[in-house]
Amino acid sequence: MKKRNVACLAGAVVLAATLTISGSAIAQDGADAHLAETIDAILTDARLDGSQIGVVVADATTGDVLYDHNGHTRGIPASNTKLLTSAAAMHHLGPDHRFVTDVATSAKQYGSALLGDLYLRGTGDPTTLAADYDALAAAVAASGVKTVTGGLVADDTAFDAQRNGSDWAADDESAYYAAQISALTVAPDTDYDAGTVIVTATPGAKPGDAPVYTIEPDNGYVTIVNKGKTVPSGQTDTLGISREHGSNRIVISGQIPVGASATKDWISVWEPTGYAADVFRRALKSHGVRVLGATKLGSATPEGARRLAAHESMTLSELLIPFMKLSNNMHAEALTKAVGRAVSGAGTWSAGIAAIRAYVATRGMKVSALRQADGSGLSRRNDIPAQEIAKLLVGVRDEPWFADWYTSLPVACNADRLVGGTLRTRMCASPAAKNNVHAKTGSLTGVSGLSGYVTDADGRALVFSVVTNDYLASSVKDIEDKIAIALANHTASAPAAKAATDTLVPEDTVSRDVECTWVKPDVC
């Protein structure tokens, strides 16, 4: 499987003035003054010239602010936005919430014939696999239905029909991390990359042959156009896979040498409701259930329809692991719409964001000082000061579900992909790496963020938020790491605090403009 070179620009949000959490201002003497000197020195890095950066550090228990560099100025937080979305989802939906996908009908059944339509109804589960649709089909067959005289109706009405988030980049349309959002969708793998297919292409047996490809899950919804060519061993590998705009034509193009490793890509589909219906219809056929009518999208299941089969997702607390560890955008957006539906009856972005804002305000965030445009952080209209993120980190600690939420955050230098997540290769060989730093990463071109929790050398729990915008260097991830390491080293002993720079990690040499886990295979 080939790795791609991706760039992870970050930028800096120059956030200013004195942050106040629980009414406390920044300490200016003693050990905390030395901590300020240490972080100030880190922020002199020339890569930050002309950029904006906001840094806030606070005591996690009391909310007392230990350091504030431009903490009030708003900046694009990228995937740090998921902190707000996930916390609000835990509050509004509850940690035991499960999405239900079911099959229902209001038609009469005579023998093995169902005289009417069969409804596949979704409520927004972003983790439904082809195997789950197969199990639903098996249950329909087990109910005695062999023939459906009507059609298959895909009921995605739990959410609205707006598929893409506000201001998502047009050139990300076929990227799996910007897949369309529907209440009915399919995840092709156990990363639960909802609304995507996985296409793998390998070289043919000899030069001139077309590449050999597979698609997961198998479906008739997308069309593969194979324009690729196998070339002699040693030639340049230029094979690429992309989806044409506004269609489900996936094109394999370029050349791949004999003996080269596979090219594998995760491609979003156009209109995921139809994708789910196709996968389910094929599963019905494999279990001996014939549907005579056409597939229809977007109609609601009739009131009083009887249920033939149902699938329940994992609990929300379990879903938080792939969501937050791998920074899964589609999970964030599905949860945003699900929260909107739960609170106001509308499965829309606007309703969901209103519910998120209402919740985070109860946790101390000043919502008049921020803007949230989506649930994941893909939108560049998200605008949140570092001090407000720090307030949320303090405010959620007394929630009954906090332990599960905290566990879902990536952990510095823990190699387990579903523990370390997007931090699993960062801050190694430092006090921050001993399962200490739990934090959410964020990356877009010109944007980087790291916000979370760390325990200092005296055992004091701290929260921190670093939001950076508008810089031009290949990466500033190591600057974030240096700050986290300085906090892990921090102690009431001022000399020890100043010595934190002795263990700073070298600059991250991997350039990327999106979260590292958004590029398959992961480069972090």
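Scanning region 128-148 turns up one or more residues that are under 25 Å from V339 (Cβ atoms) and surrounded by fewer than 24 Cβ atoms within 10 Å (Cβ to Cβ). Scanning region 39-64 for residues that are in contact (Cβ under 8 Å) with a residue 60 or more places away in the chain and within 15 Å of L393 (Cα to Cα) yields V55, V56, V57, A58, D59, A60, T61, G63.
Identify, please: which residue in region 291-306 is charged (D, E, K, R) and part of a strand (DSSP E or B) and is, among those, surrounded by the most Cβ atoms within 10 Å (Cβ to Cβ)? That would be K296. Quick one: in region 405-443, of everything that is among the aliphatic types (A, V, I, L, M) and farther than 20 Å from D191 by Cβ, which residue is surrounded by the fewest Cβ atoms within 10 Å (Cβ to Cβ)? Applying the filter and picking the extreme gives A429. Checked against (1) under 25 Å from A78 (Cβ atoms); (2) part of a strand (DSSP E or B); (3) of a type in the set (A, V, I, L, M), A194 passes all but condition (2). Taking the conditions (1) over 29 Å from S451 (Cα atoms); (2) among the β-branched types (V, I, T); (3) surrounded by 20 or more Cβ atoms within 10 Å (Cβ to Cβ) in turn, I181 satisfies each one other than (1).
Scanning region 288-313 for residues that are among the small types (G, A, S) and under 13 Å from L120 (Cα atoms) yields a total of 6. Here N329 qualifies as in contact (Cβ under 8 Å) with a residue 60 or more places away in the chain, over 25 Å from A60 (Cβ atoms), buried (at least 20 other Cβ atoms within 10 Å of the Cβ) and not assigned by TED's automatic domain parsing to the domain that holds A142.
For the condition part of a loop (DSSP other than H, G, I, E, B), hydrophobic (A, V, I, L, M, F, W, C) and within 23 Å of K108 (Cα to Cα), A309 does not qualify. Total residues in region 97-156 satisfying the condition of being farther than 14 Å from K296 by Cβ, among the β-branched types (V, I, T) and under 35 Å from the mean Cα position of the chain (by Cα): the figure is 7. Being in contact (Cβ under 8 Å) with a residue 12 or more places away in the chain, assigned to a loop (DSSP other than H, G, I, E, B), under 32 Å from the mean Cα position of the chain (by Cα) and more than 30 Å from D117 (Cβ to Cβ) is a property that D167 has. Could you please let me know if D374 is crowded, with 17+ Cβ neighbours inside 10 Å, in a helix (DSSP H, G or I), within 22 Å of the chain's Cα centre (by Cα) and acidic (D, E)? Against the criterion (crowded, with 17+ Cβ neighbours inside 10 Å, in a helix (DSSP H, G or I), within 22 Å of the chain's Cα centre (by Cα) and acidic (D, E)), D374 does not qualify. Summed over region 73-112, the residues that are surrounded by fewer than 20 Cβ atoms within 10 Å (Cβ to Cβ) and in a strand (DSSP E or B) give a count of 4. Counting only strands (runs of 3 or more DSSP E) that fall entirely inside region 198-290 and contain at least 3 residues that are surrounded by fewer than 21 Cβ atoms within 10 Å (Cβ to Cβ), the qualifying elements are 212-216, 223-226, 249-253. Scanning region 444-455 for residues that are farther than 15 Å from L320 by Cβ and crowded, with 24+ Cβ neighbours inside 10 Å returns L444, V447, S448, G449, L450, S451, V454. Looking across region 24-61 at every residue that is in a strand (DSSP E or B) and modelled with pLDDT of 95 or more, the one that is nearest to T455 (Cα to Cα) is identified as D59.
The values are calculated or read from the model by the stated rules, or taken from the named source; none is laboratory data. Only a predicted model underlies this, so the values are computations on that prediction, with no experimental measurement involved. All Cβ positions, even for glycine, are placed from backbone atoms using ideal geometry, and neighbour counts span all protein chains on display.
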